[in-house]
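The values are calculated or read from the model by the stated rules, or taken from the named source; none is laboratory data. It should be emphasised that the depicted structure is a prediction, and the values quoted were computed from it without experimental measurement. Positions of Cβ are generated from backbone atoms using ideal geometry, with glycine treated the same way; all protein chains shown enter the neighbour counts. To get the accessible areas, we keep the full protein, side chains included, count just its heavy atoms, and leave off ligands, DNA and RNA. Shrake-Rupley method; radii C 1.70, N 1.55, O 1.52, S 1.80 Å.
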Amino acid sequence: MGTRRTLIVGALSGLGVALLAGCGFKLRQPPKLAFETIRSPGSFATPVARELQRALEQAGIRVLPPEAPRQPDSPPGELPDLVMDVLQDQRERAVVGITATGQVRELQLRVRFKFRVRSGEGADLIEDTELLQTRDISFTETAVLGKEAEEALMYRDMQTDIVQQVLRRLSVLRS
C-alpha cells in the first residue's frame with residue numbers, strides 16, 4: 001500500500017512539473033534595454049535615483065557621471081544614448097487617522113518620483129512622468145522603534161516598485 005501511494009504521489013508531482021514547464025512559465029527576467037549609456041544632469045543623488053542607477057548598472061548599462069562645465073579648449077564629453085532628468089524624488093508621511101484622544105492611529109507613506117527621458121541629441125522620448133506609491137501603516141506610541149523599522153522597510157519596498165516601473169518604461173524605448 002505504501003509503495004503504491006508513493007508511486008501515485010510521484011506520478012502526480014511529475015505531471016504537475018510537466019504541465020508547469022509546458023505552459024511557458026518562467027521567472028521574471030530583467031528588462032532588455034536598447035541603449036548602452038545614460039546620464040542624469042543632476043546626478044543620481046536621490047534615494048530612488050541611486051537605486052535606479054544600481055539597477056541600470058546590473059542590467060549592463062553604463063551610467064555616465066554628470067557633465068562638468070566645459071572649458072573653451074576642452075574636447076566635448078561622451079554623448080550618452082539617453083539623458084534622464086530626475087525632476088522630483090520625494091518621501092511624504094501624512095496622518096490619516098487619529099483616536100478620540102487625538103493620538104495618531106494611522107499614517108500614509110508616499111514616495112513620489114517624477115522624471116523625463118531624452119535622447120542624447122535632446123529629443124523627448126518619455127515626457128514628464130510622475131510615479132506615486134502609497135502604503136498605509138498603523139501607528140502605536142508604545143512601539144515607536146518597531147514602527148520606524150517597519151516604515152523604513154515600506155519606503156524601501158515602494159522605492160523598489162518605482163525603480164521596476166521606470167525600468168519597464170525604459171525597456172520599451174528602441175534605438
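Pairs of Cα atoms nearer than 8 Å and 6+ residues apart set the relative contact order; for the chain it is 21 percent. When a/c is below 1.5 the answer is rounded, else prolate if a/b is larger than b/c, else oblate, so apply that to segment 47-175 with a ≥ b ≥ c taken from the square roots of the Cα gyration tensor eigenvalues. Verdict is prolate for segment 47-175.
Compute the length gained on full extension between ARG169 and LYS114: take 0.36 nm times their separation in residues and subtract their Cα-Cα distance, giving the result in nm to one decimal. The partial results should precede the final answer.
Working: separation 55, 0.36 × 55 = 19.80 nm, distance 1.29 nm.
Once the chain is fully extended between ARG169 and LYS114, it gains 18.5 nm.
Under 5 Å between amide hydrogens, which residues at least 5 positions from PHE139 or on another chain qualify, with H placed 1.01 Å from N in the peptide plane? Residues meeting the amide H criterion: GLU106, LEU107.
If we count every other residue with Cβ under 12 angstrom of ASP136's Cβ, Lys/Arg +1 and Asp/Glu -1, where does the sum land? Walk me through the numbers before you get to the answer.
Values: positive: ARG93, ARG105, ARG110, ARG135; negative: GLU106, GLU150, GLU151.
Overall, the nearby charge balance is +1.
Packing, taken as the mean count of other beta carbons within 10 Å per residue, orders the peptides 47-55, 114-122 from highest to lowest as 47-55, 114-122. Toward the positive end of the charge dipole of the chain, about the Cα centre and with charges on Cβ (Lys, Arg +1; Asp, Glu -1), which of THR140, GLN90, GLN103 goes farthest? Going by the Cα projections, it comes out as THR140.
Apolar share of the accessible surface for the chain: 54 percent from carbon plus sulfur atoms, 1.4 Å probe. Across segment 146-155, computed HN-Hα scalar couplings (Karplus, 6.51 cos²θ - 1.76 cosθ + 1.60, θ = phi - 60°) run x, 5, 5, 5, 5, 4, 4, 5, 5, 4 Hz from first to last residue, x flagging Gly and Pro. Given a Förster radius of 22 Å and the C-beta distance between GLU141 and GLU106 as r, what FRET efficiency does 1/(1 + (r/R0)^6) yield to the nearest 0.05? Calculated value: 0.95.
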